[in-house]
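Undergrad: Quick one: the structure is below, questions incoming.
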Amino acid sequence: MLYINCPHCGLRSQNEFAYGGDATVKRPELNKEISDQEWDNFVYLRKSPRGKHLELWHHISGCRQWIKVERDTSTHEIFKTYKANEAIE
Amino acid sequence: MSQDFRLDNVGMVNREKKISFKFNGKKYFGFEGDTIASALIANGVHLVGRSFKYHRPRGFFGVGVDEPYAILQLDRNNERDPNIRATEQEIFEGLEVKSVNCWPSVNFDIGAINNFLKMFFPAGFYYKTFMWPPSFWYKIYEPFIRMAAGFGEASIKHDKERYEHKYEYCDLLITGSGPSGLASAYAAAKNGARVILAEDKPRFGGSLLTSDVNIGNQTGVEWTEKIIAELKSMPNVTVKNRSQVFGYYDHNMLVMSERISDHLPKTQKYLPKQRLWYIRANEVLISSGSIERPLVFGNNDTPGVMLSSAAKEYMKVYGVLVGKKPLIFTNNDSGYETAIEFKKNGVNPIILDTRSNPSSDIITEAKNLNIEIRFSYVVVAAKGYKKVKSADIAKISDDKKELFNIENIECDCICVSGFWTPSIHLASQSGNKSKFNEKIDAFVPDKSKQKENTIGSANGIFTLEETIKDAFDKGFDVSNKITEKNNKVSVPTVVEKKSTDHDKFWCVPLPKGKSYKRFLDFQNDVAVSDIELALREGFRSIEHVKRYTTLGMATDQGKTSNLNGLQLVSDIENKVVPQVGHTTFRPPYTPVSIGAIVGREVGKHSKPTRKSPMHSWHEKNNAVFVDAGVWLRPRYYKQGNEGLFEASKREAKNVRQNVGVCDVTTLGKIDVKGPDAAEFLNRVYTNAWLKLPVGKARYGVMLREDGIVMDDGTTTRISENHYHMTTTTAQAANVLSHLEYYLQLVWPELNVNVVSTTEQWAGAAIAGPNSRKLLMKLFPNLDVSNEGLPFMGYKEADLFGVPTKIYRISFSGELAYEINVESDNGYFMWKKIMEVGQEFQIQPYGTEALSTLRIEMGHVAGSELDGRTIPYDASLEGLVSKKKDFIGKRSLNRSAFTSTDREKLVGVVPIDKTTSIPEGSYIVKDPKAKLPNPKLGHVSASCWSVEYDNPFSLAIIKDGKNMIGQKLFAMSPLKNKIIPVEIVSSHYVDPEGKRVRS
Ligand SMILES: [Zn+2]
């Protein structure tokens, strides 16, 4: 079970969190004209990298904040965690 | 029966306390502190089971977790444990165990015929035999395999025992209390670290319990007792016996099962049977020791053949002789220690040593004790069926290929030692890639992967002096890293007998003309010939060989067999062991009971039951409940002999004719607050929200980004910056996460907060033509006229002094109001509604009547918004704004979503007006068309229309908007029904929506 350092609450066990997918995806702005391809990329296409990956976790049984977690998908090592709007290094 | 094999005044069992127990129905005696194995051996019993495949007789092979044979079924206090190891289970007064995997009895086993048919049971026999025809599988092959393979028989009763989970944090977890575990725990604890020391066995000390050594002028046992006593007295140390750390997971999370009551006749009050510990450790020292390897020779599975270290432990710990004419067969010095112990207890052993001319302190001691030793000698085959009676032994050539002078000597047990295999399971589970140590012919842990270090014999260190010194150092180093303290304790002096190198030889060749079975895996009956066959058939990867032959796949996970299997593969393949590699170790290290894994989360505790504040009223009034997510909701209120159909029809009819009340507390409720709340809702919902005035509600639909409908509900503007959102019962949690996602990550610039208020409010829906009259009586001071409180209006009022929120919204399609009070007042509200509603013929209605009412009206719910429909499909396209952008809007332009013949919501009525259409039926043009019949769509919800007194269904069918008036068929292959139907509008009742506005 992973041990995730919530930037708001501190180290907590994985079972307090829900996984939220790729954190590098950016939603297209509202009211912006975009192609079908661009929209499809946003809705459906996700990379599934082996190694370092920035992902979203939702601390549902804690502070209810969405956080960003930089994790190695093959070793599960967690390098750093960020608040939702913190700049990513 | 007397204990003929019990020694006087030797061992650690409590001679003061005699304990009686039953094995296969027969009564035996042992002492407190005995295991089933030690007590049975004391009584001369060695036959305890039958093997897995050939049903050969099985005895005892080990003395602990490595035991591959002695798996028994235990009945204790009316509960059953199907697969306990006799070498671990302690006896208690009244214990009853029986053999498994034999029928009709352990002495006469019909399955043993397999032993004579063994040419038909080669490697991979499951794959080869039980292949064709497929139809034979579940009728013939599977029951046969199950019967033959049956270990214990699991109980089908509910397990009444209590199991607990515990979460613990520590600086240092140490897994095993042998010399390295004790030394490191002591050093770390003295340096201020919070330490947990876990020991699998009842007694602490590991190898110190049986080895003839001296630490700091004390015997191993004395030193153990001193260290344990001191550790127990320290507040920063937790010491646990009967506790097996069986799994090493990510981020230094380890799981340990503690057997608290298994050794007692009955679980004590307030104590669990077992406790599962989830331990998050800063650092881990793995001190799980090593397991002796067997030597391989003919019939080496005969009862009476066992590990030499086990024979020694039976003597020193339990005071039990495994035999009175022992043959010791060894390739290293360990066998000598066992022989010396026999000699000290007045038994004359014979040692067969595969080495030609070894010399060491121990060998000299054995010689001085006049023990008969034969060098360059091997056991060729054990003789005897249910117990060893003699052995064929032979001199072996220096190249270990030829056997000479084969002779038969009498013996009643054969104690084997093929050197030691470190228990690297936990290190390997942590991700540590092991490396092969040629000196000891075994794998040891390599570089640390997580924060783990392996010490003592688990790390391949076999001298006590080195073990103790290394463990003291590691204990100090690890604790120093955490506590930054420097309290170093001095390392005691160690006196031990020096031993010499072991012989790499481990597998005795077959004599000419003989075809003895030489077993590698004793639990799964895998013999040398099986591995040879698998390799001849082309299996090369050790993982494939394992699965094909089942080597190491039994419940003992090949603790005694893995390495010999690897040796054999590498010998045949002319490779070295590290090239062959080993199979993966996975948790659990030893079997864990399902009860311990589940813990307290059984029955109602497996998921919480949520009840509305009005629940007790529903109960008193004959409500029949239904699970709605985690909630219990009244499905209908039973009157007299009514069933579901009659009761729900009566309740729905009463809503249409008079007035009904429904508990809607379970609806999800979310408070949306902040200056940008209107803008936020405008982005979340498909329709427009910016102009909703204070005091008004609006129905809204929200989509996922892929354009699929996520949820629907009404949201009311309570004040300028405060909205009260409702969601469906099922989607409440998802919607909240969804809103938080957009507020925190996508549009952080919006000044809005959301919070769940589902539990804060109790809700009652009052519906029917009489509902306004009822409201006038409930709120005499409030203007509830159509002008004062119009459709989709909102008012705050007093219900006999209780603050109340009134929303004029309707799911039933009737004139209706939803009344909310704070949860604590819910029961009061409900009572008042029922009391005052009496004169208007009020009746409560459940979820079944609620469904009927909404289906008739063509209102969509979860069965239509099923995660596959866009607004158009559910006839919600009128709520999709063309002007503004919102979540999921861009997806609605995708070509599949704009095609003109998409599935759409319609109504379905059977032509005969009497046959109900099963939900899930297909709508087809021609029921006789060739299969698979092209389907137009499916029936999503069905009811008995109370308005028209005939069946009515909703369906989502292709090109639905152009199908109204068509005569089609509803087909349910499941219910074997074909029903001619007519497609009608989904708005079956009051299509203009007059009633809700009346
Ligand atoms: Zn948090």
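The values are calculated or read from the model by the stated rules, or taken from the named source; none is laboratory data. All of these numbers come straight from a predicted model, not from anything done at the bench. Neighbour counts are summed over all protein chains in view; Cβ atoms, including those assigned to glycine, are modelled from backbone coordinates with ideal geometry.
Undergrad: In the list B:V491, B:V508, B:V478, B:V444, which residue meets the criterion of being away from chain A (no Cβ under 14 Å), among the hydrophobic types (A, V, I, L, M, F, W, C) and out of contact with any helix residue (DSSP H, G or I) (no Cβ under 8 Å at 6 or more places or on another chain)? Talk me through it step by step, then tell me what you get.
TA: Details: B:V491 fails: out of contact with any helix residue (DSSP H, G or I) (no Cβ under 8 Å at 6 or more places or on another chain); B:V478 fails: out of contact with any helix residue (DSSP H, G or I) (no Cβ under 8 Å at 6 or more places or on another chain); B:V444 fails: out of contact with any helix residue (DSSP H, G or I) (no Cβ under 8 Å at 6 or more places or on another chain).
Answer to the selection: B:V508.
Undergrad: I need every pair where a residue in the range B:201-214 that is within 14 Å of B:S177 (Cβ to Cβ) has its Cβ under 7 Å from the Cβ of a residue that is part of a strand (DSSP E or B), sequence separation at least 6 or different chains.
TA: So the pair list comes out as B:P202/B:E90.
Undergrad: State whether the residues of the range A:26-41 include one that is within 15 Å of B:E740 (Cα to Cα) and more than 15 Å from the chain's Cα centre (by Cα).
TA: no
Undergrad: Among what's in the range A:2-15 and is within 8 Å of the ligand (Cβ to nearest atom) and buried (at least 16 other Cβ atoms within 10 Å of the Cβ), pick the residue that is farthest from the chain's Cα centre (by Cα).
TA: The qualifying residue farthest from the chain's Cα centre (by Cα) is A:R12.
Undergrad: I need the full set of residues from the range B:351-380 which are in contact (Cβ under 8 Å) with a residue 24 or more places away in the chain and among the aromatic types (F, W, Y), in order please.
TA: Passing the criteria: only B:Y377.
Undergrad: Which of the following residues is more than 12 Å from chain B (Cβ to nearest Cβ) and over 24 Å from B:W277 (Cα atoms): A:K32, A:K47, A:K26, A:K68? Give the derivation first.
TA: Details: A:K32 fails: more than 12 Å from chain B (Cβ to nearest Cβ); A:K26 fails: more than 12 Å from chain B (Cβ to nearest Cβ); A:K68 fails: more than 12 Å from chain B (Cβ to nearest Cβ).
None of the others qualify; the one that does is A:K47.
Undergrad: Let me confirm something: among B:G565, B:G558, B:G552, which residue is modelled with pLDDT under 90, in contact with a Lys or Arg (Cβ under 9 Å, 6 or more places away or on another chain) and not in a loop (DSSP other than H, G, I, E, B)?
TA: On the way: B:G558 fails: not in a loop (DSSP other than H, G, I, E, B); B:G552 fails: not in a loop (DSSP other than H, G, I, E, B).
Checking each option against the conditions leaves just B:G565.
Undergrad: Related question: Could you please give the count of residues in the range B:361-372 that are among the aliphatic types (A, V, I, L, M) and under 51 Å from the mean Cα position of the chain (by Cα)?
TA: Start the filter on the range B:361-372 by keeping residues that are among the aliphatic types (A, V, I, L, M), which leaves B:362-363, B:366, B:369, B:371.
Now narrow it down to the ones that are under 51 Å from the mean Cα position of the chain (by Cα): B:362-363, B:366.
Number of matching residues: 3.
Undergrad: To continue, here is another question. Out of the residues in the range B:664-677 that are within 14 Å of chain A (Cβ to nearest Cβ) and farther than 20 Å from B:K795 by Cβ, state the one that is surrounded by the most Cβ atoms within 10 Å (Cβ to Cβ).
TA: Let us first name the residues in the range B:664-677 that are within 14 Å of chain A (Cβ to nearest Cβ), namely B:670-671, B:676.
Still in the list and also farther than 20 Å from B:K795 by Cβ: B:670, B:676.
On the way: B:I670: 20, B:D676: 17.
Among them, the one singled out is B:I670.
Undergrad: Only residues that are more than 10 Å from the ligand (Cβ to nearest atom) and β-branched (V, I, T): list them for the range A:56-80, please.
TA: Answer for the range A:56-80, where residues must be more than 10 Å from the ligand (Cβ to nearest atom) and β-branched (V, I, T): A:V69, A:T73, A:T75, A:I78.
Undergrad: Oh, and also: Quick check: anything in the range B:74-87 part of a loop (DSSP other than H, G, I, E, B) and in contact with a Lys or Arg (Cβ under 7 Å, 6 or more places away or on another chain)?
TA: To start, the set of residues in the range B:74-87 that are part of a loop (DSSP other than H, G, I, E, B) comprises B:77-78, B:86-87.
Restricting the remaining residues to those that are in contact with a Lys or Arg (Cβ under 7 Å, 6 or more places away or on another chain) gives B:77.
Within the range B:74-87 (the criterion being part of a loop (DSSP other than H, G, I, E, B) and in contact with a Lys or Arg (Cβ under 7 Å, 6 or more places away or on another chain)), the answer is yes, since at least one residue qualifies.
Undergrad: Still on this structure: Give me a count of the residues in the range B:2-57 that are surrounded by 23 or more Cβ atoms within 10 Å (Cβ to Cβ), of a type in the set (A, V, I, L, M, F, W, C) and at pLDDT below 95.
TA: Number satisfying all stated conditions: 2.
Undergrad: Still on this structure, please answer the following. If B:V735 meets every condition in (1) part of a helix (DSSP H, G or I); (2) touching a His at 6+ places or on another chain (Cβ under 6 Å); (3) not acidic (D, E) apart from one, which number is that one?
TA: Checking B:V735 against (1) part of a helix (DSSP H, G or I); (2) touching a His at 6+ places or on another chain (Cβ under 6 Å); (3) not acidic (D, E), the one that fails is (2).
Undergrad: Continuing with the same structure: Within the range A:7-23, which residues are at the interface with chain B (Cβ under 8 Å from one of its Cβ atoms) and either free of Cβ contacts under 8 Å to residues at least 40 places away in the same chain or closer than 18 Å to B:E705 by Cα (or both)?
TA: The answer is A:S13, A:G20.
Undergrad: Which one of the conditions (1) in contact (Cβ under 8 Å) with a residue 40 or more places away in the chain; (2) farther than 29 Å from A:V43 by Cα does B:G640 fail to meet, given that it meets all the rest?
TA: Of everything listed in (1) in contact (Cβ under 8 Å) with a residue 40 or more places away in the chain; (2) farther than 29 Å from A:V43 by Cα, B:G640 misses just condition (1).
Undergrad: Looking only at residues that are without any contact (Cβ under 8 Å) to a residue 60 or more places away in the chain and touching a helix residue (DSSP H, G or I) at 6+ places or on another chain (Cβ under 9 Å) in the range B:678-697, which one is surrounded by the most Cβ atoms within 10 Å (Cβ to Cβ)? Step through it out loud before you land on a result.
TA: Going residue by residue through the range B:678-697, those that are without any contact (Cβ under 8 Å) to a residue 60 or more places away in the chain are B:678, B:681, B:689-694.
This time we only want the ones that are touching a helix residue (DSSP H, G or I) at 6+ places or on another chain (Cβ under 9 Å), so: B:689-692.
Details: B:W689: 22, B:L690: 9, B:K691: 9, B:L692: 20.
My answer is B:W689.
Undergrad: Across the range B:704-749, which residue is farthest from the other protein chains (Cβ to nearest Cβ) among those that are touching a strand residue (DSSP E or B) at 6+ places or on another chain (Cβ under 7 Å) and acidic (D, E)?
TA: Across the range B:704-749, the extreme among qualifying residues is B:D712.
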